[in-house]
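Asks: Sharing a structure here in structure tokens format.
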Amino acid sequence: MSEQAYLEEIFAQVQARNPNQPEFLQAVAEVLSTLAPVIRRRPELQRLGVVERMVEPERIIIFRVSWLDDANRVHVNRGYRVQFNSAIGPYKGGLRFHRSVNASVIKFLGFEQIFKNSLTGLPIGGAKGGSDFDPRGKSEWEIMRFCQSFMTELSRHIGADTDIPAGDIGVGGREIGYLYGQYHRLRNEFTGAITGKGQAYGGSHVRPEATGYGLCYFTEEMLKEKHDSFEGKRVVISGSGNVAVYAHQKATELGATVVAMSDSGGFVYDANGIDLARVREIKDRHGRLSEYAEAYQEGSRGIWNIPCEIALPCATQNELEEQDAKTLVKNGCICIAEGANMPCTPKAVRVFEESGILYGPSKAANAGGVATSALEMAQNSMRYSWDFSKVDARLRDIMVSIYRNASLAAEEYGKAGNLMFGANIAGFLKVADAMLSHGISY
Ligand code: NDP
């Protein structure tokens, strides 16, 4: 059987076992589509079933989360933790609170996290979790009660040496505080079992900024390959949450003008540059971007019609489709780097590849967040705190090394310049080797 046929057979099994999970199947299909040259060179990976094992989570935990609203009415949500792969270290990955959360979304995120965490070069396995709880419109007390109920169950399954959750969509500093507070209360121990914590209780400098900054450091490396930089470029950033805000800050520091940002309702456009302080003021009080009224237009997808040289999708999965990709290319975009997880559909990615513009896949480009979380874990276990510049310098080094490793793997396996290909292979190989070492019953 050819390597390609073998991988197609695995995909057919994954499809049969996971019906109605489109996001998970999309993520698996992308990774499998790049592995044939690796299997050709390393036939023992096929003989010992490494890929078959890697596409099946080690453990999936699904639990009830009941909580009381401010009127004392009972609500029930569903909680998830998918502990996907711990071959290279304890499970690590964020928690997402959004009404769209289901098993497919959490499994796709957990699967991606395996390769992303491996690419950082740090010893962390892949996981993801969350709930279909929608924080929008909830009071401060309702969010606190939900987080406490969620953690009451989750606390049985996590720990500083087992599984270390962090934030994601809908889970920022406030939610991490409530989640950690409840964990601490239940376990009576002060460990680094969650990252993204506040500075006052064990958080790391640069963790809030890390994904957005890391994205820009990675993009800088991509541009350098073409003897180019952020200087003088127009940048479009979708989303206006944690990743988007710090991507704006760093891109601006590096000499670019961020001309547009969005939320799920619409986008703001200003050719002279979006006022970041204003966006942050709105977001800090959980307001809507429509309050930036004079620059606002309805419909979040319209953001991709704005001409720019660099596009940084930083909102959510599949937010940038084939037609959006064609429009970006037609309008002169030279570089796309993904801050969100899997924001570009497979057809959009094909447009970027065929047009020859730079494309940085999420599992490499947005790995700065989890890398800095691993630095937070290191500081927690030492009971020590590094200063901002030290963590920022480490983050930058890690992003440069992720870029180099992805780039080298792409070249070594015959697709020079294709960072999606290189990131998948470089991330896969380290985990595959660890799984081989651990034996088959692993
Ligand atoms: P936030 O919750 O801080 O912000 C999310 C932003 O995306 C908001 O502006 C939100 O708008 C927008 N958004 C969410 N869903 C949709 C949708 N369906 N359509 C359009 N816009 C939407 O999340 P983060 O910034 O933390 O995460 C953004 C992305 O980055 C996610 O894909 C996440 O997985 C990824 N990521 C995050 C990391 C981190 O460290 N935080 C690390 C690595 C990846 P609205 O407020 O209207 O919902």
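Laboratory data are not the source of any read-out in this text; all were calculated from the coordinates shown. Just so we're clear, the structure is a prediction, and the values are computed from it rather than from any experiment. Methodologically, a virtual Cβ is constructed for each residue, glycine included, from the backbone with ideal geometry; neighbour enumeration extends over all protein chains shown.
Asks: Nearest-5 percent of antiparallel DSSP beta bridges in the chain? Spell out each step's value before the answer.
Replies: Values: 24 of 46 bridges.
Among the beta bridges of the chain, antiparallel pairing accounts for roughly 50 percent.
Asks: Then there's this: What number, in percent, do you get for the relative contact order of the range 59-190 if the mean sequence gap of Cα pairs under 8 Å and at least 6 apart is divided by its residue count? Walk me through the numbers before you get to the answer.
Replies: Values: 259 pairs, mean separation 37.5, N = 132.
Value for the range 59-190: 28 percent.
Asks: Of LYS92/LYS363; LYS347/LYS415; LYS363/LYS390, which ones are farther than 22 Å apart at the Cα?
Replies: Correct reply: LYS363/LYS390.
Asks: Sticking with this structure for a sec: Relative contact order, percent, of the range 210-360 when contacts are C-alpha pairs under 8 Å separated by at least 6 residues?
Replies: Dividing the mean separation by the residue count of the range 210-360 yields 22 percent.
Asks: Still on this structure, I have one more. What is the Cα centroid distance between the range 378-420 and the range 64-80, reported in whole angstrom?
Replies: Here the two parts' Cα centres lie 40 Å apart.
Asks: Just the number, please: percent antiparallel of the DSSP beta bridges in the range 59-190, rounded to the nearest 5.
Replies: 65 percent
Asks: Follow-up. For the range 40-57 and the range 299-350, compute the distance between their C-alpha centroids and round to whole Å.
Replies: Comparing the Cα centres of the range 40-57 and the range 299-350, I get a distance of 33 Å.
Asks: Does the range 59-190 come out rounded, prolate or oblate, given a ≥ b ≥ c as the square roots of the eigenvalues of its C-alpha gyration tensor, rounded meaning a/c under 1.5 and, failing that, prolate meaning a/b above b/c?
Replies: Note, shape of the range 59-190 comes out prolate.
Asks: What number, rounded to the nearest 500 deg cm²/dmol, is the helix-based mean residue ellipticity at 222 nm of the chain, given -39500 (n - 2.57) per DSSP H run of at least four residues and division by all its residues?
Replies: -14500 deg cm²/dmol
Asks: Rounded to the nearest 5, what is the percent of antiparallel bridges among the DSSP beta bridges in the range 210-360?
Replies: Restricted to the range 210-360, the bridges split so that about 30 percent are antiparallel.
Asks: Determine, for each peptide in 171-184, 2-15, 266-279, the mean count of other beta carbons within 10 angstrom over its residues, then list the peptides with the highest first.
Replies: Going by the mean number of other Cβ atoms within 10 Å, highest first, we get 171-184, 266-279, 2-15.
Asks: Also, I was wondering about something else. Please sort 289-300, 199-210 by packing, taking for each peptide the average over its residues of neighbouring beta carbons within 10 angstrom, highest first.
Replies: So the order, starting with the most tightly packed, is 199-210, 289-300.
Asks: Would you mind classifying the chain by shape? Square roots of the alpha carbon gyration tensor eigenvalues, ordered a ≥ b ≥ c; an a/c under 1.5 is rounded, otherwise it is prolate if a/b is larger than b/c and oblate if not.
Replies: Rounded shape, in that the Cα axes give a/c under 1.5.
Asks: Which whole-Hz couplings ³J(HN,Hα) result when phi for each residue of the range 263-275 is put into the Karplus expression 6.51 cos²θ - 1.76 cosθ + 1.60, θ = phi - 60°, listed in order with x for Gly and Pro?
Replies: Once θ is set to phi - 60°, the couplings for the range 263-275 become 9, 5, x, x, 9, 10, 10, 8, 4, 8, x, 6, 6 Hz.
Asks: Let me ask you something else. Once a ≥ b ≥ c are taken as the square roots of the eigenvalues of the Cα gyration tensor of the range 289-442, is the result rounded (a/c under 1.5), prolate (a/b larger than b/c) or oblate (a/b not larger than b/c)?
Replies: Oblate is the answer for the range 289-442, as a/c is 1.5 or above yet b/c matches or exceeds a/b.
Asks: Something else about it: Give the lysines whose C-alpha is closer than 25 Å to that of LYS138, dropping any in the same chain fewer than 8 places away, or say none.
Replies: LYS128, LYS197, LYS283
Asks: Got a sec to turn the phi values of the range 64-75 into Karplus ³J(HN,Hα) couplings, 6.51 cos²θ - 1.76 cosθ + 1.60 with θ = phi - 60°, whole Hz, x for Gly and Pro?
Replies: 7, 10, 9, 8, 9, 7, 5, 9, 6, 8, 8, 10
Asks: Then there's this: Mind giving me the nanometre distance, one decimal, between the label points for ASP69 and GLU253, set 7 Å out from Cα along Cα→Cβ?
Replies: Modelled inter-label distance: 4.2 nm.
Asks: How large is the dipole of the range 210-360 about the Cα centre if only Lys and Arg carry +1 and Asp and Glu carry -1, each at its Cβ, rounded to the nearest 20 debye?
Replies: Rounded to the nearest 20 debye, it is 80 debye.
Asks: Continuing with the same structure: Taking only complete DSSP H runs, can you tell me which helices of the chain stretch 18 Å or more along their own long axis by Cα positions and average at least 1.0 on the Kyte-Doolittle scale?
Replies: Within the chain the helices that satisfy the rule are 419-438.
Asks: Students often check this: by mean Cβ neighbours within 10 Å, which of 82-93, 17-28 ranks highest, and how do the rest follow?
Replies: 82-93, 17-28
Asks: Still on this structure: Note down the magnitude of the dipole of the chain about its Cα centre, charges +1 on Lys and Arg C-beta and -1 on Asp and Glu C-beta and zero elsewhere, to the nearest 20 debye.
Replies: Values: 49 positive and 52 negative charges, 185 e Å.
Result for the chain is approximately 880 debye, rounded to the nearest 20.
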